[in-house]
Amino acid sequence: MSTKLKDWTVLSMLEWGTEYFKERGIPDPRLSIEWLLAETLQVKRLDLYLKFDRPLSQTELDNIRPLVKRRAKHEPLQYILGYTEFMNAHITVSPEVLIPRIETEQLVEILLDDHPSDEGSEEKKVIDIGTGSGCIPIALKMERPDWQVDALDISKEAIRIARENAENNEVDVNFISGNILQWKELPLEGSYDIIISNPPYVLPEEKEELEEQVVRHEPSLALFCDNLEKMYGSVIRFSEKYLQDQGMLYLEVHEKYGEQIQQLFDDTRWETSLLKDYDKKPRFIIAKLA
């Protein structure tokens, strides 16, 4: 990257960065350089297109250069920026937590649509299993401030980050450290109206199918699961113990194994449906405890 000031404007940086990332196989190359440049200039990404002719100062070039180098090594954009947006929440992320996906946003939207905030509606008690960054419970609490929301994760570092995210978004979430695979030992009291979970569901043999930036940088503990039946079976058994009658369970599942996971439910106790995500892939199991 040349450092001659006359060579660099917003437009030339966008064009150069897009080609530079394309050559290195970086996903979403244009979007990547847009976000990095917007972060450097402290402007909204779309505002870059109103500033095409704006020259970049030497300080700005010095600031963006290390960000470009990190992205060129397939480091996820969200880890470079240190945050992402999830629905209406500003979520800090680091390599200790999974980067929230659009599919998980859709799962939260389905839940909220099922339980609208009509005047006079009953307050709900909810728990998120495998909360990671805390994006799910924080988004729920922001949309339904009267609900009581708990969140569980096995990673103490994830719990720390999730607590910080709750504080930064000014919501009250009760975080619990524990392992869903050992759910009988969890220090819980009472019951829940709603349980939601996006547990690890990528099998180890599928590692080569993932993007390089995911495998190299995102936490294996939050990605990979050795035994899907054990993982989802634990969530289901937990739900049978802690859900109230007519309580609801919302699960995000692997697109290849949705029907397999659905068969883990005892159909004498559960009513289940398998819903598709925006890409028309079977992604969500919605279950009601009969």
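The values are calculated or read from the model by the stated rules, or taken from the named source; none is laboratory data. The structure presented is a predicted model; accordingly, all values stated were derived computationally and were not measured. Quick reminder, even Gly has a Cβ in these numbers, built from the backbone with ideal geometry, and neighbours come from all protein chains shown. The protein model used for the area step is the full one, side chains on, heavy atoms only, and it has no ligands, DNA or RNA in it. Shrake-Rupley method; radii C 1.70, N 1.55, O 1.52, S 1.80 Å.
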Zone of Lys256's modelled label, taken as backbone nitrogen in region 215-237 under 16 Å from a point 7 Å along Cα→Cβ | 215, 223-229
Candidates [x] 66, 17, 15; [y] 40, 21, 17; [z] 26, 22, 18; which is the computed semi-axes √(5λ) of the Cα gyration tensor in Å?
-> [y]
Ranked from highest to lowest mean number of other Cβ atoms within 10 Å per residue, what is the order of the peptides 107-117, 72-82?
-> 72-82, 107-117
Which one of Leu67, Gln260, Val235 has its Cα pushed farthest toward the positive end of the charge dipole of the chain, where Lys and Arg give +1 and Asp and Glu give -1 at the Cβ?
-> Leu67
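Tell me what the chain gives for mean residue ellipticity at 222 nm when only DSSP H runs of n ≥ 4 count, each as -39,500 (n - 2.57), the sum divided by the residue total, rounded to 500 deg cm²/dmol.
Details: 11 runs with 112 residues, N = 290.
Result for the chain: -11500 deg cm²/dmol, rounded to the nearest 500.
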Plugging the Cβ-Cβ distance of Glu189 and Glu123 into 1/(1 + (r/R0)^6) at R0 = 25 Å yields, to the nearest 0.05, a FRET efficiency of 0.90
Of every hundred units of 1.4 Å-probe accessible area on the chain, the number belonging to carbon and sulfur atoms, as a percent, is 45
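With both bridge residues required to lie in the chain, what share of the DSSP beta bridges run antiparallel, to the nearest 5%? Don't skip to the end; give the middle numbers.
Working: 17 of 36 bridges.
If I count the DSSP bridges inside the chain, around 45 percent turn out antiparallel.
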Given Lys44/Lys69; Lys125/Lys256; Lys73/Lys141, which pairs have Cα atoms separated by over 28 Å?
-> Lys125/Lys256; Lys73/Lys141
Report, in degrees rounded to the nearest 10, the 0 to 90 angle that the Cα long axis of helix 10-23 makes with the longest principal axis of the chain.
-> 60
Hey, rough spin-label estimate for Ile110 and Glu23, points 7 angstrom out along Cα→Cβ, what's it come to in nanometres?
-> 4.3
Lys141 neighbourhood, Cβ < 14 Å, K/R = +1, D/E = -1, net charge -4
Any idea how far the Cα center of region 241-265 sits from the one of region 1-62, in Å?
-> 44
Quick one: what are the phi-derived ³J(HN,Hα) couplings along region 211-221, Karplus 6.51/-1.76/1.60 with θ = phi - 60°, whole Hz, x for glycine and proline?
-> 5, 4, 5, 6, 5, 7, 10, 8, x, 4, 4
Which loop-located trypsin sites (Lys or Arg not before Pro) does region 148-185 contain, where loop means any DSSP state but H, G, I, E or B and the Cβ has at most 15 other Cβ atoms within 10 Å?
-> none
For region 10-73: accessible area per residue (Å², 1.4 Å) = 55
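Probe of 1.4 angstrom, ligands and nucleic acids ignored: what's the accessible area per residue over region 95-289, in square angstrom? Let's see the in-between values first.
On the way: 9710 Å² over 195 residues.
The answer is 50 Å² per residue.
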Where the centroid of each part is defined by its Cα atoms, how far is region 65-110 from region 192-231 in Å?
-> 16
Taking the Cα centre of region 2-112 as origin, work out the dipole magnitude from +1 charges on Lys and Arg Cβ and -1 charges on Asp and Glu Cβ, in debye rounded to 20.
-> 420
